[in-house]
Amino acid sequence: MKSWLVQNVSILLADFPHSVKTIGYTLVTENMFASGQMQRLLLILLLAFSVPAGAMGSSAPTTASASFKGIAFSPTAGDRCEIVLDIFNKKTLGGRIDPAQLSDIVRSLARQQQLPGYFVTKRQAREAGWSPGRYFSDIAALRGKSIGGDRFGNFERRLPQGQWKEADLDYRGKKRNAKRLVFSQSGQQYVTVDHYETFHKVPACQ
């Protein structure tokens, strides 16, 4: 089955004019699904995982995802944040954050050197009527906002030396959770999903 699949995919990719970033997580082309070659490629992949094992002369995997695990993908700094951070979330964080929000924050820090506009510091939140324990959803001026931009002390020295700030992740207006993005002026970024017990470095992306 593997040799049959590789042979057919290789033939298509040899004259496929667009950029295939990865198979299994996402396929990125300049005009996805618009070309007949792309449709043929997807059809071959679908057939490969649906044809009985005996037809291929070898045992088939129990699920398509099991086969996809054999296709290596190493994200690079040139890959789009939606791809890189989705993989980071699934493989490293156990799917516990919203990768779309993290992509938005990472891009804003890279391009504007600041958090997106819906973040407010604790001081700004207090000026709007917030106090620890109150929900942003109960304060008209803070609905849709999140806490972010305050200094992170790094007192336990679990991160490299530097000047760090933090931002809440996945805040929905009620009780604050244990998920934070911690970032430095030098561009380093880490995610913690257990309230600073462990940190995971955010991979570079565009």
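Within the range 150-206, the set of residues being small (Gly, Ala, Ser) and under 20 Å from ARG111 (Cα atoms) comprises ALA167, SER184, SER186, GLY187, ALA204.
Scan the range 97-143 residue by residue and report those that are charged (D, E, K, R) and in a helix (DSSP H, G or I). ASP104, ARG107, ARG111, LYS122, ARG123, ARG126, GLU127, ASP138 - these are the residues of the range 97-143 that are charged (D, E, K, R) and in a helix (DSSP H, G or I).
Within the range 160-175, the residues that satisfy the criterion of being over 14 Å from GLN114 (Cα atoms) and over 21 Å from the mean Cα position of the chain (by Cα) are PRO160, GLN161, GLY162, GLN163, GLY173, LYS174, LYS175.
Listed by first and then second residue, the pairs linking a residue in the range 73-90 that is in the same structural domain as ARG107 (by TED's automatic domain parsing) to a residue that is modelled with pLDDT of 95 or more and loosely packed, with under 14 Cβ neighbours inside 10 Å, with Cβ atoms under 7 Å apart and 6 or more places separating them unless they lie on different chains, are ASN89/GLY95.
If I ask for residues that are among the polar types (S, T, N, Q) and within 19 Å of ASP79 (Cβ to Cβ), which ones from the range 189-204 would you list? If the condition is that a residue be among the polar types (S, T, N, Q) and within 19 Å of ASP79 (Cβ to Cβ), then GLN189 is the only one that fits. Tallying residues that are in contact (Cβ under 8 Å) with a residue 40 or more places away in the chain, buried (at least 17 other Cβ atoms within 10 Å of the Cβ) and part of a loop (DSSP other than H, G, I, E, B) within the range 144-173 yields 2. Here PHE136 passes the criteria (1) surrounded by fewer than 18 Cβ atoms within 10 Å (Cβ to Cβ); (2) farther than 18 Å from ALA100 by Cα except the one numbered (1).
The values are calculated or read from the model by the stated rules, or taken from the named source; none is laboratory data. The structure displayed is predicted, hence computed values, not measured ones. When we count neighbours, we look across all protein chains shown, and the Cβ atoms used for this are built from the backbone with ideal geometry, even at glycine.
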